[in-house]
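Note sheet for the following structure.
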Amino acid sequence: MHIFGFAMGLLAILSLYIFVISAVHNPEISNLPYYTFRSLLRISATYLISLVTGLFFGLLAATTKTGSMILVPLFDVLQSIPILGYFPAAIIFFISAFQGAEIGLELAAMLLLYTSMEWAIFFGVVGAVKNIPTNIVEAAKSFDIKGYGYIRHVVLPAIVPALISGSTLAWGDGWFFMIAAEYITYGGKNYSLPGLGSYLAKAAYEYGDTNLAIVLLIIITVLVVYINFLTWHRLTERAGSGTYKPIFRTDWPKGLAFSGIRRFSHMHHIPRIHLSFGFRHTILSTSRRRIYSRIEKGMAVVTVIALIFLVVMVAKPGIPSLDEIKGSLLIPEMANLPFYTACTLTRLTIAYLISLGIALSMGILAAEKKGFALIFYPIYDIGQSVPILALFPILFVSLSQIFGGSLGLEITSLTMLVADMIWYLFLNIVTAVKTIPDEIREVSQLIGMKGLQRVRHIVLPAILPAVVTGSILSWATGWNTVIFSEYMPYGTKVLWLPGLGSFLDKAALQEGNTILLGFLLLIMTALVIAVDRLIWRRLLRKAERYAGEAM
Amino acid sequence: MKVLEVRNLSKVFPGERSIVALDDVSFEIGNDEFLCIVGPSGCGKSTLLRMVAGIESANGGEILFHEKPISGPNEKITMIFQHFGLLPWKTALENVRLPLEVHGIPKEGAMKIALEYLGKVGLGDFMDTYPHDLSGGMKQRVGIARALAMKPEILLMDEPFSSLDELTASTLRREVLRIWADPNLPTDTFLMVSHNVSEAVFMADRVLVMSPRPGRVVEDVKVDIPRPRVEHARDPKFFDTVEYIIQVIEKACGGKLPGCEVNDGIG
């Protein structure tokens, strides 16, 4: 069955390629297989590095006290800084270090991909080791299993599911950031690495060929879905139910399993995603809820400062003088900082509210009518597989023709943010709806609650923790996307929207002002932490009041 | 006087391999009666209870409540659950209040009734506590208060003591019997589902024994032990009745016990 699916998929992809190459008129179209190969290689190589380092550091952090004290807060801080914020710094460093040679760009791209992939694997490993049930740890102790034997027979089997779900996410994130990593403008010049992402960007901006861009987007999506089938979904299945403790049951009709193609398209994919996502839900919520000691907090602060110092240092060796710092920071545009901050916050808030509104109504629909839940998972599944950043050029090119440059970019930016932020809310909410215990549904039936009463007394409170978790994740990814979506290198021109993200991009990519870049990174990190502290942590605590219940 | 009559009830769960959960089940319960249904796991006894509660539909036959067929939830029939069924986001008081308010009792009145019933189950001091911070026994007391506050005629109980530790369960059993005997409470007819035979003999007037799937009523055993049963729980008659019911279940399972989880722990 698997070989059949594999062969069918490969055949379909091959014919898609042959068809596209013969039907599309574009000077670079014959390079499509090569671009695919390069993108695949880039993402796979980075993934392997992430896997090895994630496993190593994860085991170190989970099994040793010092490791845990240093690594966990360090990685937590690193993951909460918007990844794309590092990127300009990495570009500056690698381009100047290799004098613009392709290897420098390649390393910069891989660093960006790495910073998007590493966290899911690391925290997956740490979470899984910490979650090994006490009775198993005690059983191992009582049979005197320790050292290598303990790692081999207890730890490794326990982290396999986390590695697989972490890998699924890392792999997805890699494709997500591919286009940002492969198509770069720096100092008024375009740098691009051979790959599917840069080809898509070029198709949209340089050739002005939206159709080609859409074709490429479809190709990328098909590839992502196909590779997911072949790897993660199969592995998840093999990891077996014994090791998994899914957060919620999957009750998909078993009858689908017996016809080849249908099995391929339904059985593997859809239910498995829930498992991995349910799992992520736990990892992230436990890592988020963890309370750090004073030493760990100190460590984290030192890390951030060191990191930003490093960013400033790499491009301009030597400690900058006070005058230099003054000169870099006291530029006229600095007066706009409060305005920019307000713009970005407003943009994020609007996108968040739209996402929340849609996700909530879908969640309520799914709770009230069981049939809807069955429709929503496939929607999620396909939507999730589209690398959303790749949608950006296509959307922008078509919208700017209708609304003109700035308004077009504003709408594109908001759409991108919604498209990016909604999935975390959506899946967390729909998942929570599914996990409402039968008894509680029965109670509401027995009491004779009507639609609105049920929504108010049962559905909304039941999904509140999921809304909070989903919100935290969606804001984290939103901060990231905002850096990408406010700044648009459009052929040789650059279009930008007033905002923190574009300010950061301009400082780094147009002016090479690393001191300002470091300063803006600090501001952004402070904002991320402030929003987290002031809003989400409070809500989490509120939700925790009943979280221990059989929910 | 009969309060509830179940007539030729059957239930099929459709699916690839459809499951016949209940097949031609008939019995009746009189006013003031305490009836217990026992049977092996999966014999459809919980399904039967849910059909009486009006939250599960029948494929054949009917259930009559005061001669009228049941077609949906009825405020005169309430239920307590194995896992308590409390809303974790509501305090003890709010949990008891909610059904009252849904049925249109104004907030003030609902509050008064809820407090009164929480007091009756000994939880007056815990009205503002969330279920998370209550012990299992206390949670079930809230469940009982919530069910009784509606002043139902029939109280349904779905294995109400099986997720509690034995000491707590034993205390609560006596309390439920006290409530059943209380002339000041309008709730006089109790229908309980259990897989604990001693518990059934300890509490019920009649024990209905069901066969494994498809569930049928195999025997209707009248428990002829005087009350209060606490004083007679060591009588030979008590043990004989328990033993007899276990034999009936074993026979219904075809003489083999595997797959027929029969709990004969002391109630």
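At pLDDT 80 or above, assigned to a helix (DSSP H, G or I) and not hydrophobic (A, V, I, L, M, F, W, C) - does that describe any residue in the range A:359-381? Looking through the range A:359-381, at least one residue is at pLDDT 80 or above, assigned to a helix (DSSP H, G or I) and not hydrophobic (A, V, I, L, M, F, W, C). Each residue in the range A:91-108 was checked for being surrounded by fewer than 24 Cβ atoms within 10 Å (Cβ to Cβ) and closer than 22 Å to A:Ala306 by Cα, and 7 of them qualify.
Scanning the range A:109-128 for any residue that is touching a helix residue (DSSP H, G or I) at 6+ places or on another chain (Cβ under 6 Å), crowded, with 20+ Cβ neighbours inside 10 Å and not in a helix (DSSP H, G or I) turns up nothing.
Across the range A:537-550, the qualifying residues are those that are surrounded by fewer than 17 Cβ atoms within 10 Å (Cβ to Cβ) and either away from chain B (no Cβ under 14 Å) or touching a Ser or Thr at 6+ places or on another chain (Cβ under 7 Å) (or both), and the one among them that is modelled with the highest pLDDT is A:Arg538. The residues of the range A:94-145 that are touching a residue at least 24 places away in the same chain (Cβ under 8 Å) and of a type in the set (D, E, K, R), listed by number, are A:Glu102, A:Glu106, A:Glu118, A:Lys130. Being on the phi > 0 side of the Ramachandran plot and over 27 Å from the mean Cα position of the chain (by Cα), is that true of even one residue in the range A:432-442? No - not one qualifying residue is present in the range A:432-442. Would you mind stating whether B:Gly30 is touching a residue at least 12 places away in the same chain (Cβ under 8 Å), buried (at least 23 other Cβ atoms within 10 Å of the Cβ) and under 20 Å from B:Phe190 (Cβ atoms)? Answer is no for this residue.
Taking every residue in the range B:72-89 that is more than 8 Å from chain A (Cβ to nearest Cβ) and over 17 Å from B:Ser162 (Cβ atoms) and pairing it with any residue that is among the basic types (Lys, Arg) and surrounded by 21 or more Cβ atoms within 10 Å (Cβ to Cβ), at least 6 positions away or on another chain, yields no pair with a Cβ-Cβ distance below 7 Å. Taken together, the criteria exclude A:Ser413 from residues that are within 14 Å of chain B (Cβ to nearest Cβ), touching a Lys or Arg at 6+ places or on another chain (Cβ under 7 Å) and either farther than 30 Å from B:Leu49 by Cα or not aromatic (Phe, Trp, Tyr) (or both). Among residues belonging to the range A:450-466 that are under 26 Å from the mean Cα position of the chain (by Cα) and surrounded by 21 or more Cβ atoms within 10 Å (Cβ to Cβ), point out the one that is farthest from the other protein chains (Cβ to nearest Cβ). Across the range A:450-466, the extreme among qualifying residues is A:Ala466.
Name the single residue, out of those in the range A:499-536 being part of a loop (DSSP other than H, G, I, E, B) and modelled with pLDDT under 80, that is nearest to the other protein chains (Cβ to nearest Cβ).
From the range A:499-536, those part of a loop (DSSP other than H, G, I, E, B) are A:499, A:511-513; that's our starting set.
Going one step further and asking which of them are modelled with pLDDT under 80, we end up with A:511-513.
Numbers: A:Glu511: 52, A:Gly512: 53, A:Asn513: 50 Å.
Here the answer is A:Asn513.
How many residues, within the range A:467-498, are assigned to a helix (DSSP H, G or I) and away from chain B (no Cβ under 14 Å)? Break it down into steps so the answer makes sense when it comes.
Quick first cut of the range A:467-498, residues assigned to a helix (DSSP H, G or I) only: A:467-485.
If we keep only those that are away from chain B (no Cβ under 14 Å) too, we end up with A:469-485.
Summing the residues that are assigned to a helix (DSSP H, G or I) and away from chain B (no Cβ under 14 Å) in the range A:467-498 gives 17.
Can we say B:Glu153 is buried (at least 18 other Cβ atoms within 10 Å of the Cβ), within 30 Å of B:Glu199 (Cα to Cα), more than 14 Å from every other protein chain (Cβ to nearest Cβ) and of a type in the set (D, E, K, R)? So B:Glu153 fits the description; yes.
Could you tell me whether B:Ser41 is closer than 30 Å to B:Arg141 by Cβ, hydroxyl-bearing (Ser, Thr, Tyr) and within 12 Å of another protein chain (Cβ to nearest Cβ)? Before you say what the answer is, go through the steps one by one.
Numbers: closer than 30 Å to B:Arg141 by Cβ: yes; hydroxyl-bearing (Ser, Thr, Tyr): yes; within 12 Å of another protein chain (Cβ to nearest Cβ): no.
Spelling it out, it is not the case that B:Ser41 is closer than 30 Å to B:Arg141 by Cβ, hydroxyl-bearing (Ser, Thr, Tyr) and within 12 Å of another protein chain (Cβ to nearest Cβ).
Kindly check whether there is at least one residue in the range A:430-444 that is polar (S, T, N, Q), within 14 Å of another protein chain (Cβ to nearest Cβ), assigned to a helix (DSSP H, G or I) and over 16 Å from A:Trp496 (Cβ atoms). Looking for residues that are polar (S, T, N, Q), within 14 Å of another protein chain (Cβ to nearest Cβ), assigned to a helix (DSSP H, G or I) and over 16 Å from A:Trp496 (Cβ atoms), one finds at least one in the range A:430-444, hence yes. Going by the conditions given, is A:Ala367 aliphatic (A, V, I, L, M), closer than 30 Å to B:Ala147 by Cα, in contact (Cβ under 8 Å) with a residue 40 or more places away in the chain and surrounded by 15 or more Cβ atoms within 10 Å (Cβ to Cβ)? Criteria met by A:Ala367.
Looking across the range B:207-240, the residues that are within 17 Å of B:Arg173 (Cβ to Cβ) and either hydrophobic (A, V, I, L, M, F, W, C) or touching a residue at least 60 places away in the same chain (Cβ under 8 Å) (or both) come down to B:Val207, B:Val223, B:Ile225, B:Val230, B:Ala233, B:Phe238. For the range A:152-207, the set of residues classified as under 21 Å from A:Tyr114 (Cα atoms) and in a loop (DSSP other than H, G, I, E, B) consists of A:Leu193, A:Pro194, A:Gly195, listed by residue number.
Quick one: would you say A:Ile447 is within 13 Å of another protein chain (Cβ to nearest Cβ), crowded, with 18+ Cβ neighbours inside 10 Å and not small (Gly, Ala, Ser)?
Values: within 13 Å of another protein chain (Cβ to nearest Cβ): yes; crowded, with 18+ Cβ neighbours inside 10 Å: yes; not small (Gly, Ala, Ser): yes.
It is true that A:Ile447 is within 13 Å of another protein chain (Cβ to nearest Cβ), crowded, with 18+ Cβ neighbours inside 10 Å and not small (Gly, Ala, Ser).
Filtering the range B:90-117 to residues that are crowded, with 22+ Cβ neighbours inside 10 Å, hydrophobic (A, V, I, L, M, F, W, C) and facing chain A (nearest Cβ under 9 Å) leaves only B:Leu98.
Mind checking which residues of the range A:475-515 are among the aromatic types (Phe, Trp, Tyr) and under 10 Å from A:Thr344 (Cβ atoms)? Reasoning before the result, please.
Within the range A:475-515, the first condition is being among the aromatic types (Phe, Trp, Tyr), and the residues that meet it are A:475, A:479, A:484, A:487, A:490, A:496, A:503.
Passing the criteria: A:Trp479, A:Phe503.
Within the option set A:Gly478, A:Gly499, being crowded, with 21+ Cβ neighbours inside 10 Å, small (Gly, Ala, Ser) and in contact with a Cys (Cβ under 9 Å, 6 or more places away or on another chain) holds for one residue only, A:Gly499.
The values are calculated or read from the model by the stated rules, or taken from the named source; none is laboratory data. Just so it is clear, the model here is predicted, and its values are computed rather than measured. Methodologically, a virtual Cβ is constructed for each residue, glycine included, from the backbone with ideal geometry; neighbour enumeration extends over all protein chains shown.
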